[in-house]
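The values are calculated or read from the model by the stated rules, or taken from the named source; none is laboratory data. All of these numbers come straight from a predicted model, not from anything done at the bench. Here the Cβ is made from the backbone with ideal geometry for all residues, glycine too, and neighbour counts use every protein chain on show.
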Amino acid sequence: MPLASPQITTLANGLRLLVTPMPYARSVSASIYVAAGSRYEATPAEGGLSHFLEHLLFKGTERRPKPLDISMEIDRIGGNINAATDRELTVYYAKVTPEYLGGALDIMGDMLRNSLLPEHEIERERDVILEELAAVEDSPTDQVGVLLDGTLWPGQPHGRDIAGTEESVEALTPEAIRAYYHRQYVPNATVVSIAGAVDPAEVRDMVGRAFEEWRTGNPLRWVPNRPPAGSPVLTLHDKDTEQVHLSFGLHGVAADDEDRYALDLLSVILGEGMSSRLFARLREELALCYDIHSYIATLRDCGMFGVYAGVDPERAVEAAREIAKELARACRPVGADELARAKAVTRSRTQLRLEDTRSISALYGSQAILNLPLRTPEDTMARSAAVTIEDAERVAVRVMRGGTLHVAAVGPVDGAALEAAVAGEP
């Protein structure tokens with residue numbers, strides 16, 4: 001049965017509500033998206049501001065003054081609540097049984113509208129976030145991803161770690177955090193997306209009670225992407241690790257670019273799964289690595305195509321050379337069987353997500369907060385199914401030949417040799 005399109009209501013204060021009935025579900029999920037993320041942080045000194053604030057909204061409100069008051073109340077209704085910050089959005093989400101949706105919305109609305117942000121909680125959470133940043137330093141796979149972002153988008157908000165740096169987090173003042181909260185957390189920069197076993201009319205009443213008195217504001221706009229100019233090809237962090245962690249990146253396509261469907265399929269062909277080209281060549285034929293995979297990321301006005309591999313330091317240069325060769329060969333003809341397998345993978349991924357109310361609330365809510373067309377899963381699958389061999393080959397040329405291959409590495413490796421290998425030098 002096709003998934004219903006969301007029913008959309010805009011409240012008088014500008015808040016957008018999307019309700020997607022799923023009569024067969026046994027749960028309901030509420031995802032609240034706010035236009036806040038690293039792309040709203042214009043300077044490096046503001047780095048991590050959105051992420052810091054996300055943590056603090058769980059630390060108490062006027063009606064629930066202590067963090068435990070919030071957690072105990074959500075536990076009392078048998079649900080779960082969490083949040084995440086990305087480059088272009090912050091999301092707060094809860095999953096409950098249908099009879100407790102009103103309670104979950106009351107808690108979430110209270111957090112978004114009435115958080116106290118007391119100074120002692122700000123200082124306590126500052127230490128927690130610094131530990132979170134330290135954990136990235138201890139995780140080469142996370143660290144190399146951050147390095148690659150900075151190599152692709154140097155000096156830009158979307159090229160920085162979403163959590164900021166130790167220096168920026170330590171320097172963020174309570175006044176700056178509160179000012180950002182009051183400016184960015186406003187209804188006309190918020191989307192509430194609800195999916196599950198619900199009655200849309202009842203949901204509209206619940207959301208109205210939780211949010212209709214929220215006053216509109218004048219939120220910051222996100223920082224647009226600047227075309228790369230002389231950005232570095234290689235960023236190396238020399239570190240005593242058992243493996244060298246390699247990430248390769250090419251500038252990709254934006255979230256509203258129709259070529260994203262072909263690039264998604266191309267990523268499956270190149271590096272997603274055990275039948276992919278990169279896996280078959282580097283792991284099965286050459287035994288150069290255990291983990292190798294590709295992926296894409298799409299933002300409002302830009303994107304990336306990436307490859308990650310963890311390799312033995314003695315063979316890191318050889319592995320980099322082979323990955324670069326395989327990416328260069330991506331423009332070779334795409335086989336009909338390859339494309340058919342890739343379509344089957346993407347179709348199955350989409351269909352499996354249709355069973356989860358959280359996935360559906362996220363699907364529509366994330367599109368709405370980014371002002372993208374609201375595409376149903378069926379629409380997405382149809383666009384993917386319509387990709388031809390010629391489309392895949394054209395997008396391969398556009399991405400693989402259209403830009404410079406950037407590399408980030410963490411581990412004990414010769415940077416000059418690595419750069420030469422990627423450039424195809426003997």
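Annotations for the structure displayed:
- Pairs with Cβ under 9 Å, 6+ apart, first in the range 188-215 and farther than 23 Å from A35 by Cβ and free of Cβ contacts under 8 Å to residues at least 60 places away in the same chain, second surrounded by fewer than 23 Cβ atoms within 10 Å (Cβ to Cβ) and of a type outside the set (A, V, I, L, M): E202/G102; D205/G102
- Hey, T9 farther than 24 Å from R126 by Cβ and surrounded by 23 or more Cβ atoms within 10 Å (Cβ to Cβ) or not: no
- Matching residues, the range 198-219, being among the aliphatic types (A, V, I, L, M) and surrounded by fewer than 17 Cβ atoms within 10 Å (Cβ to Cβ): A201
- Taking the criterion of being assigned to a loop (DSSP other than H, G, I, E, B) and out of contact with any Asp or Glu (no Cβ under 9 Å at 6 or more places or on another chain), the residues of the range 393-426 that qualify are G402, G403, T404, L405, D414, A423, G424, P426.
- With respect to the conditions (1) surrounded by fewer than 19 Cβ atoms within 10 Å (Cβ to Cβ); (2) outside the structural domain of A320 (by TED's automatic domain parsing); (3) of a type outside the set (F, W, Y), N225 lacks only one, and its number is (1).
- With respect to (1) of a type in the set (G, A, S); (2) outside the structural domain of H55 (by TED's automatic domain parsing); (3) modelled with pLDDT under 95, the lone exception for G217 is condition (3).
- Condition met for S294 (among the small types (G, A, S), part of a strand (DSSP E or B) and not assigned by TED's automatic domain parsing to the domain that holds L152): yes
- Selection of helices (runs of 4 or more DSSP H) fully inside the range 304-392 by the criterion of at least 1 residues being of a type in the set (G, A, S) and surrounded by fewer than 15 Cβ atoms within 10 Å (Cβ to Cβ) returns 316-328, 336-353, 377-385.
- Cβ pairs under 6 Å, 6+ apart, first in the range 114-141 and more than 16 Å from T165 (Cβ to Cβ), second basic (K, R): L117/R178; E121/K59
- Residue that is surrounded by the most Cβ atoms within 10 Å (Cβ to Cβ) [pool: residues in the range 238-258 that are touching a Ser or Thr at 6+ places or on another chain (Cβ under 8 Å) and assigned to a loop (DSSP other than H, G, I, E, B)]: G252
- Apart from one condition, M72 fits all of (1) crowded, with 21+ Cβ neighbours inside 10 Å; (2) out of contact with any Ser or Thr (no Cβ under 8 Å at 6 or more places or on another chain); the exception is (1).
- Number of the condition not met by V407 [criteria: (1) of a type outside the set (G, A, S); (2) in contact with a Leu (Cβ under 6 Å, 6 or more places away or on another chain); (3) modelled with pLDDT of 95 or more; (4) over 19 Å from K325 (Cβ atoms)]: (4)
- Checking V203, V192, V223 one by one, the residue that is at pLDDT 95 or above, in a helix (DSSP H, G or I) and β-branched (V, I, T) is V203 and no other.
- Taken over the range 29-50, the criterion of being touching an Asp or Glu at 6+ places or on another chain (Cβ under 9 Å) and either more than 30 Å from E131 (Cα to Cα) or not hydrophobic (A, V, I, L, M, F, W, C) (or both) is satisfied by S29, G37, S38, R39, Y40, P44, G47, G48, S50.
- When A386 is tested against (1) over 16 Å from S267 (Cα atoms); (2) touching a helix residue (DSSP H, G or I) at 6+ places or on another chain (Cβ under 7 Å); (3) at pLDDT 95 or above, exactly one condition is not met: (2).
- Count - residues of the range 135-173 that are closer than 19 Å to E242 by Cα and among the small types (G, A, S): 3
- Restricting attention to the range 277-291, the residues being surrounded by fewer than 16 Cβ atoms within 10 Å (Cβ to Cβ) and either part of a strand (DSSP E or B) or not hydrophobic (A, V, I, L, M, F, W, C) (or both) number 4.
- All positions within the range 104-134 that are of a type in the set (G, A, S) and either at pLDDT below 95 or touching a strand residue (DSSP E or B) at 6+ places or on another chain (Cβ under 7 Å) (or both): A104, S115
Okay, residues lined up against (1) more than 24 Å from E62 (Cα to Cα); (2) crowded, with 20+ Cβ neighbours inside 10 Å:
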site	(1), (2)
L101	no, yes
M108	no, yes
M111	no, yes
L116	no, no
E119	no, no
E123	no, no
L130	yes, no
V136	yes, no
D142	yes, no
